[in-house]
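Novice: One structure, pasted below without further comment.
The values are calculated or read from the model by the stated rules, or taken from the named source; none is laboratory data. Being a predicted model, the structure only gives us computed values, none of them experimental. Reconstructed Cβ throughout: ideal geometry from the backbone, glycine too, with neighbour counts over all protein chains shown.
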Amino acid sequence: MTAMFSRGVSRNEGLLVGGEVTRAGAARWTEWALRLSLATAFLSGVGDRLGAWGPHGSPHASWGDWHHFRIYADRLNWYMPAAVQPAAAVLATAGEVAFAIALVTGFRLREAAIGSGVLLTIFGISMALTLGMKAPLDYSVFTAATAAFSLAVMAADHEREIREGGNHESTFRRRG
């Protein structure tokens, strides 16, 4: 395992080649893990505000319905005019759904990852200003934002590799 990310490993090889983990293969699995974890986090939050985790007050629900989500969202968006707050809640929810779908499908992955990072950063800053710095740290909001921005870098690298004819799943060939 000591040579698992050695420079001597070809970037055109898969995750495991001769018992060794390649850098390109590990990057692909890491990209998938980031995509799925960010998407499921977004969809879980959206599901909660639509009652999927149970009604308000149940053990697994933070909001349980749109009304209680709006109370929370309005509290975080205190700096917005009251007339804009309902639209902000709808736009944030729509953004979470759109980013989740794009992350899972890979559609405009780099842009979806950047958008996810921006949305999470805004959310984290709003939480910090309203609830104190401990809240976004306890919920790993800035960690998730950093993961999204890291995914954007990985997606850009992957797009460049494809353009240059480098490592891509469709060009993987086993040595025989």
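Novice: Restricting to segment 122-168, name every residue that is at positive phi and either over 18 Å from the mean Cα position of the chain (by Cα) or crowded, with 17+ Cβ neighbours inside 10 Å (or both).
Specialist: Passing the criteria: GLY132, GLY165.
Novice: Kindly provide the set of residues from segment 18-57 that are under 30 Å from ARG70 (Cα atoms), among the hydrophobic types (A, V, I, L, M, F, W, C) and touching a residue at least 12 places away in the same chain (Cβ under 8 Å), ordered by number. Spell out the reasoning first.
Specialist: Applying the first criterion (under 30 Å from ARG70 (Cα atoms)) to segment 18-57 yields 34-57.
Now narrow it down to the ones that are among the hydrophobic types (A, V, I, L, M, F, W, C): 34, 36, 38-39, 41-43, 46, 50, 52-53.
Within segment 18-57, LEU34, LEU36, LEU38, ALA39, ALA41, PHE42, LEU43, VAL46, LEU50 meet the criteria.
Novice: Follow-up question, since we're still on this one. Considering (1) over 14 Å from LEU43 (Cα atoms); (2) surrounded by 17 or more Cβ atoms within 10 Å (Cβ to Cβ); (3) within 20 Å of the chain's Cα centre (by Cα), say which one THR93 fails and leave the rest.
Specialist: (1)
Novice: Cβ-Cβ below 8 Å, separation at least six or inter-chain, first residue in segment 135-164 and within 17 Å of SER116 (Cβ to Cβ), second of a type in the set (Phe, Trp, Tyr) and modelled with pLDDT of 95 or more: which pairs?
Specialist: Listed pairs, sorted by first residue: PRO136/PHE123; PRO136/PHE142; VAL141/PHE123.
Novice: Quick one: how many residues across segment 61-90 are farther than 15 Å from LEU131 by Cα and either exposed (fewer than 12 other Cβ atoms within 10 Å of the Cβ) or not charged (D, E, K, R) (or both)? Can you show your working first?
Specialist: Just the residues of segment 61-90 that are farther than 15 Å from LEU131 by Cα, to begin with: 61-70, 80-90.
When the remaining residues are screened for being either exposed (fewer than 12 other Cβ atoms within 10 Å of the Cβ) or not charged (D, E, K, R) (or both), the result is 61-64, 66-69, 80-90.
Total satisfying the criteria: 19.
Novice: Let me ask something else about it. Only one of these conditions is not met by HIS60: (1) modelled with pLDDT of 95 or more; (2) of a type outside the set (Lys, Arg); (3) closer than 26 Å to SER126 by Cβ. Which number is it?
Specialist: Of the numbered conditions (1) modelled with pLDDT of 95 or more; (2) of a type outside the set (Lys, Arg); (3) closer than 26 Å to SER126 by Cβ, the odd one out for HIS60 is (1).
Novice: Tell me yes or no: at least one residue of segment 47-60 is surrounded by fewer than 19 Cβ atoms within 10 Å (Cβ to Cβ) and not in a loop (DSSP other than H, G, I, E, B). Don't jump to the end; show me each part of the working.
Specialist: Here is the first cut: in segment 47-60, the ones surrounded by fewer than 19 Cβ atoms within 10 Å (Cβ to Cβ) are 47, 50-60.
So of that shortlist, the ones also not in a loop (DSSP other than H, G, I, E, B) come out as 47.
Yes; the residues of segment 47-60 include at least one that is surrounded by fewer than 19 Cβ atoms within 10 Å (Cβ to Cβ) and not in a loop (DSSP other than H, G, I, E, B).
Novice: Another one. Quick check on my filter: what residues within segment 63-100 are farther than 17 Å from LEU120 by Cα, out of contact with any Lys or Arg (no Cβ under 6 Å at 6 or more places or on another chain) and not in a loop (DSSP other than H, G, I, E, B)?
Specialist: Of everything in segment 63-100, those that are farther than 17 Å from LEU120 by Cα, out of contact with any Lys or Arg (no Cβ under 6 Å at 6 or more places or on another chain) and not in a loop (DSSP other than H, G, I, E, B) turn out to be HIS67, HIS68, ARG70, ILE71, GLN85, PRO86, ALA87.
Novice: Further question: Within segment 119-134, which residues are under 17 Å from ALA92 (Cα atoms) and in contact (Cβ under 8 Å) with a residue 24 or more places away in the chain?
Specialist: Step one: filter segment 119-134 for residues under 17 Å from ALA92 (Cα atoms), giving 119-127.
Once the filter is applied, which keeps residues that are under 17 Å from ALA92 (Cα atoms) and in contact (Cβ under 8 Å) with a residue 24 or more places away in the chain, segment 119-134 yields LEU119, LEU120, THR121, PHE123, SER126, MET127.
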